[in-house]
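Throughout, read-outs are computed from the coordinates displayed, never taken from laboratory work. As the structure is a prediction and not an experimental result, all values here were calculated from the model. Reconstructed Cβ throughout: ideal geometry from the backbone, glycine too, with neighbour counts over all protein chains shown.
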Amino acid sequence: MPSQIAVGNLAVALPMDCLASISNSHIDDQARHQQDSQVFVPSTTSTAIATTTGTITPMTVITIPRTANMEMTDVISAPQIPETLSYPEDLCPPDNFNMVSTWIYRSSFPKKKNFSFLKKLGLKSILTLILEDYPEQNMKFLRENDVTLFQFGIAVPDDKICAALAVLLDRRNHPILIHCNKGKHRTGCLIGCLRKLQQWSHTSIFDEYRRFSHPKSRSMDQQFIELFDGREAWKVIDPKWIPDWKTLGHYASA
């Protein structure tokens with residue numbers, strides 16, 4: 001009685017005396033790596049040989065009686081994967097969103113579809129690094145959720161950076177979100193200066209900056225971060241309200 005072997009998606013019937021030579025025959029790469037699959041045969045009983053790791057092992061195949069109008073797709077079918085995945089509105093963060101440190105977040109400019117997500121953060125403050133007037137729909141979100149807006153201009157000189165850091169390191173403003181337009185360069189500069197106050201190495205600071213500014217990192221931004229003097233920031237930061245971060249303790253008390 002002929003038996004069947006499973007190769008890929010094909011079931012091939014062979015005489016029993018030919019099976020011994022199969023183990024040394026060529027099996028293509030696709031069949032070699034394919035997971036075990038069941039072969040459904042319309043006959044009453046059959047024996048199959050499954051190839052998984054290059055070896056041939058007899059296995060029993062459960063047979064299903066075939067009706068006149070039955071197709072193989074009626075027996076087994078691949079799962080249907082949607083072309084696009086949609087998420088509930090409250091799970092839609094702004095682009096480039098990430099936690100910076102405890103109660104401090106960063107992102108691109110929040111849009112209306114992001115408001116439900118931001119509301120779940122329980123924000124007390126938003127620090128924006130854009131010069132333009134804040135859109136009315138964003139202002140409405142701030143009013144409805146009692147969120148304070150801190151706004152600093154496009155050009156971010158040392159004194160503006162120090163003032164922004166003073167806002168970030170005041171626990172009374174937490175939780176707080178930092179953003180510019182895309183959450184890349186201006187936000188990256190401010191975060192880089194914050195990391196200096198947290199005693200990060202330049203290597204780690206620039207690695208983080210490039211990760212969020214990809215694919216367009218700016219050497220001038222990294223130079224600004226490198227030359228920033230954190231001692232100037234401590235002159236305007238109130239140590240009474242700084243977060244309980246151990247990395248801040250040494251400089252805050254100096």
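The simple Förster model, with R0 at 25 Å and r as the Cβ-Cβ distance, assigns N181 and D229 a FRET efficiency of 0.40.
Overall shape: oblate for the stretch 104-174, with the ratio a/c of the largest to smallest alpha carbon gyration tensor axis at 1.5 or above and b/c at least equal to a/b. Overall, the ratio between the Cα radius of gyration of the stretch 133-175 and 2.2 N^0.38 Å, rounded to two decimals, is 1.33. For the stretch 99-254, rounded, prolate or oblate, judged on the Cα gyration tensor with a ≥ b ≥ c (square roots of eigenvalues), a/c < 1.5 rounded, else prolate if a/b > b/c? Taking the square roots of the gyration eigenvalues as a ≥ b ≥ c, the stretch 99-254 is oblate.
Taking 24 Å as the limit for the C-alpha separation, the pairs K140/K240; K124/K182; K120/K182; K112/K184; K113/K182; K160/K184 exceed it in the case of K140/K240.
Extension gain, K240-D133: 0.36 nm per intervening residue step, less the Cα-Cα distance, totals 35.3 nm.
Under the rule a/c < 1.5 gives rounded, and otherwise a/b versus b/c splits prolate from oblate, where does the stretch 180-232 land using the Cα gyration tensor? Prolate.
Modelled label positions at S201 and K119, each set 7 Å beyond Cα in the direction of Cβ, lie 4.5 nm from each other.
Modelled this way, with points 7 Å down the Cα-to-C-beta line, the labels at K111 and E144 are 1.8 nm from one another.
For A163 and S217, the difference between the fully extended length at 0.36 nm per residue and the C-alpha to C-alpha distance is 17.0 nm.
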